[in-house]
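*Asks:* There's a structure below that I have some questions on.
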Amino acid sequence: MRSTSARVRPGLAVVVAATLFTGCSSASPGDDFRPGAVELGDPYVPGAGNGGYDVEHYRLAVDYDPASDRLQGQAAVTAVATQPLSRFNLDLQGLEVTAVTVDGDRARYRRDGDELVVTPARGLAQGGRFTVAVEYAGQPGTRPNGPLGGGGFLHTEDGAIVLGQPYSAAAWFPVNDHPSDKATYDIEVTVPDGLAALSNGVPGEQSSADGRTTWRWAQRAPMASYLTTLVIGDYRVETGTHAGKPIVTAVSESLAETGPEAVSLARTGEIADFLADRFGPYPFDSYGGVVVADQRVGYALETQSRPVYGPAFFLSGRPNFDVVVHEIAHQWFGNSVAVTRWRDIWLNEGFATYAEWLWAEHQEDRSLQRVFESLYAVTDWSLPALDPGPEQMFGTAVYQRGALTVHALRRTVGDDAFFAILRAWTAERRDGYGSTDDLIELAERVSGAQLGEFFDAWLSGTTPPALPERG
């Protein structure tokens, strides 16, 4: 994240559910069936996420009609029960549910605010895989993103923009809406002919019938739900390959064909290669980016493999490569290696901000050390980067103090150990998770230094920490 402050084809639900039946979670005598937790207890996002299961895969098929702002969809969610389950919840905002099955059997369901409560016909045994298929429809709504502005499902004149952090997915499909439960995705989006329907991952075959086109996308690397996106409307879409992988970029037709937005996105592959030289191999099977023109999107978001950039970053009329660097850096820090709790968000934003500093030094011969020293001098050390609190999770300290910590680590352990730490972090935890404690353990293991007090001072101390000597 970088901030500046339908019609449904008959029979599809049956096909979707059937393609994902990979096992049956039958009950056995003595199972202590109980409901899954209705939230995961993350104080930064009260009510988000659900317990009792771990999602492996989402298969989504949605049909959206911009003229009526109506969405119809089917979701098949394949998960593994992490306890004996009598019932479980999915997050879903507003949309009307018309049918639910679990492993092909009709299930009872009810709505409780933004929760879909599902009671299967039989209890689900711990460790068993199950698939819940949900049919739903309605006019999707927005979700608040605090100081970032509009999020969720934003209806536009030509389509829709769907994104947001710390959550947005529940605005358009039933989901375990917390980054601690990553999953793979297959996404089909059907829209009127002539409109683009962009999402995450590798593009698949398009097909058209009855004046409507279905766009297909596959994300085979696990993805946190807030990193999903849909961008529907009039866009200039460019496709190609980079480093042997598909690259898909798109710019709103309302923006100039040779404007700063297109010029900035054109360097996506080059920037990814620059970062790969420092962070390790690019972690996903596709590249890309989308620039939207809607002023409600006052931020850029690292939606997995295909970041979305709001218009405010290009108001100067000049290309903005820094924001592209920031969002692509997140593909390693935040996407491939995710946080399990939002208190550790500095791991996402601090490293992405530091990537901007690396790029500026590389491209503009701007001294990274001078950037570090100038920001150190004006930092408000009363604001922590680690566990900043819900109101400050996108605050300056998370970004700038986080990046100061990264460079201070580099100065403390030296370049060789520093870049070895970064590459080990992205390799060992690829497609997984990491916390601040995990990073400290790794940094100590690689460098041979005791770094607990160092991280405490730079991330959470209330007075300026001592500037490190060059390691």
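The values are calculated or read from the model by the stated rules, or taken from the named source; none is laboratory data. What you see is a predicted model; the values in this text were computed from it and never measured. Note: ideal-geometry Cβ built from the backbone for every residue, glycine included; neighbour counts use all protein chains shown. The protein model used for the area step is the full one, side chains on, heavy atoms only, and it has no ligands, DNA or RNA in it. Shrake-Rupley method; radii C 1.70, N 1.55, O 1.52, S 1.80 Å.
*Asks:* So if I take the centroid of the Cα atoms in the stretch 116-174 and the same for the stretch 387-432, what is the distance between those two points in Å?
*Replies:* With the stretch 116-174 and the stretch 387-432 each reduced to a Cα centre, they are spaced 31 Å.
*Asks:* If you build the convex hull over the alpha carbons only and average its shadow over all orientations, what do you get for the stretch 288-350? Give it in nm² to one decimal. Walk me through the numbers on the way to the answer.
*Replies:* Details: hull surface 18.3 nm².
Mean projected area of the Cα convex hull: 4.6 nm².
*Asks:* Quick one: accessible area per residue over the stretch 80-165, 1.4 Å probe, rounded to a whole number of Å²?
*Replies:* Working: 3400 Å² over 86 residues.
Averaged over the residues of the stretch 80-165, the accessible area is 39 Å².
*Asks:* Among 200, 163, 100, which residue has its Cα furthest toward the positive end of the charge dipole of the chain, with +1 on Lys/Arg Cβ and -1 on Asp/Glu Cβ?
*Replies:* Among 200, 163, 100, the one farthest towards the positive end of the dipole of the chain is 100.
*Asks:* Which GluC sites (Glu not before Pro) in the stretch 172-241 pass both tests, a DSSP loop state and at most 14 other beta-carbon atoms within 10 Å?
*Replies:* Values: sites: 188, 205, 238; in loops: 205.
The qualifying sites are 205.
*Asks:* How far apart, in nm, are the 7 Å Cα→Cβ label points at residue 378 and residue 423?
*Replies:* 3.5
*Asks:* Right, something else. Using the Cα centre of the stretch 241-392 as the reference point, and only Cβ charges (+1 on K/R, -1 on D/E), how large is the resulting charge dipole? Debye, rounded to the nearest 20. Present the calculation step by step, with values, prior to reporting the outcome.
*Replies:* Values: 10 positive and 21 negative charges, 37 e Å.
About 180 debye.
*Asks:* Rg to Rh ratio, the stretch 157-256, alpha-carbon atoms and Kirkwood radius?
*Replies:* Values: Rg = 14.0 Å, Rh = 14.5 Å.
Reported Rg/Rh, Kirkwood definition of Rh: 0.97.
*Asks:* Okay, next question. Normalise the Debye intensity by I(0) for the stretch 88-167, one equal point scatterer per Cα, no solvent, then take log10 at q = 0.18 Å⁻¹ and round to two decimals.
*Replies:* Values returned for q = 0.18 Å⁻¹ are -0.83.
*Asks:* In the chain, what percent of the accessible surface is made up of carbon and sulfur (1.4 Å probe, ligands and nucleic acids excluded)? Don't skip to the answer; put the middle values down first.
*Replies:* Values: 8580 of 17770 Å².
Here it works out to 48 percent.
*Asks:* Within the stretch 349-390, find all residues whose amide N lies under 17 Å from a label point positioned 7 Å from the Cα of residue 456 along Cα-to-beta-carbon.
*Replies:* Zone members listed by number: 384-387.
*Asks:* If one computes P(r) from the Cα atoms of the stretch 365-471, what percent of pairs lie at distances over 21 Å? Intermediate values should be presented prior to the final figure.
*Replies:* On the way: 2072 of 5671 pairs.
It works out to 37 percent of all Cα pairs.
*Asks:* Please give the peptides 136-143, 276-283 ranked by average Cβ packing (other Cβ atoms within 10 Å per residue), highest first, as a rough proxy for protection. It would help to have the intermediate numbers written out before the result.
*Replies:* Values: 136-143: 19.9, 276-283: 17.6.
Going by the mean number of other Cβ atoms within 10 Å, highest first, we get 136-143, 276-283.
*Asks:* Could you check how many percent of all C-alpha pairs in the stretch 26-122 are farther apart than 23 Å? Walk me through the numbers before you get to the answer.
*Replies:* Working: 1375 of 4656 pairs.
Percent of Cα pairs beyond 23 Å in the stretch 26-122: 30.
*Asks:* Given the rule -39500 (n - 2.57) for each run of at least 4 DSSP H residues, summed and divided by the residues of the chain, what is its mean residue ellipticity at 222 nm, to the nearest 500 deg cm²/dmol?
*Replies:* On the way: 10 runs with 112 residues, N = 471.
Dividing the helical sum by the residues of the chain leaves -7000 deg cm²/dmol.
*Asks:* How do the peptides 393-401, 320-328 rank, highest first, by the average count of neighbouring beta carbon atoms within 10 Å per residue?
*Replies:* 320-328, 393-401
*Asks:* On to the next question. With every protein chain left in place, what is the accessible area per residue of the stretch 179-296 in square angstrom, probe 1.4 Å? Could the numbers behind the result be given before it?
*Replies:* Details: 4180 Å² over 118 residues.
Spelled out: the 1.4 Å probe surface of the stretch 179-296, per residue, equals 35 Å².
*Asks:* Provide the packing ranking of 150-162, 372-384, i.e. peptides ordered by the mean count of other C-beta atoms within 10 Å per residue, highest first. Could you put the intermediate results ahead of the total?
*Replies:* Numbers: 150-162: 22.0, 372-384: 14.0.
So the order, starting with the most tightly packed, is 150-162, 372-384.
*Asks:* Can you figure out the FRET efficiency of residue 363 with residue 469, using R₀ = 30 Å and their beta-carbon distance, to the nearest 0.05? Write out the running numbers ahead of the final one.
*Replies:* Numbers: r = 28 Å, r/R0 = 0.93.
Here the calculated transfer efficiency is 0.60.
*Asks:* Let me ask another. Write down the radius of gyration of the stretch 336-405 and its Dmax, each obtained from C-alpha positions, in Å.
*Replies:* When restricted to the Cα atoms of the stretch 336-405, Rg and Dmax are 12.6, 37 Å.
*Asks:* Right, here's the next one. Can you bin the stretch 212-354 into rounded, prolate or oblate? Criterion: square roots of the alpha carbon gyration tensor eigenvalues sorted a ≥ b ≥ c, rounded for a/c under 1.5, prolate for a/b above b/c, oblate for the rest. Don't skip to the end; give the middle numbers.
*Replies:* Numbers: a/c = 1.41, a/b = 1.28, b/c = 1.10.
Taking the square roots of the gyration eigenvalues as a ≥ b ≥ c, the stretch 212-354 is rounded.
*Asks:* Enumerate the calculated ³J(HN,Hα) couplings along the stretch 85-100 in order (Karplus 6.51 cos²θ - 1.76 cosθ + 1.60, θ = phi - 60°), each rounded to whole Hz, writing x wherever the residue is Gly or Pro.
*Replies:* 10, 8, 7, 8, 10, 10, 7, 7, 9, x, 5, 7, 8, 10, 6, 9
*Asks:* A further question on this structure: Taking the Kirkwood radius as the inverse of the mean 1/r across Cα pairs, report the Rg/Rh of the chain. All intermediate terms of the calculation are to be shown ahead of the outcome.
*Replies:* Numbers: Rg = 22.4 Å, Rh = 22.9 Å.
When Rh is taken as the Kirkwood radius, the ratio is 0.98.
*Asks:* So if R0 is 60 Å, what FRET efficiency would residue 437 and residue 209 give, r being the distance between their Cβ atoms, rounded to the nearest 0.05? Walk me through the numbers on the way to the answer.
*Replies:* Values: r = 53 Å, r/R0 = 0.88.
The formula returns an efficiency of 0.70 here.
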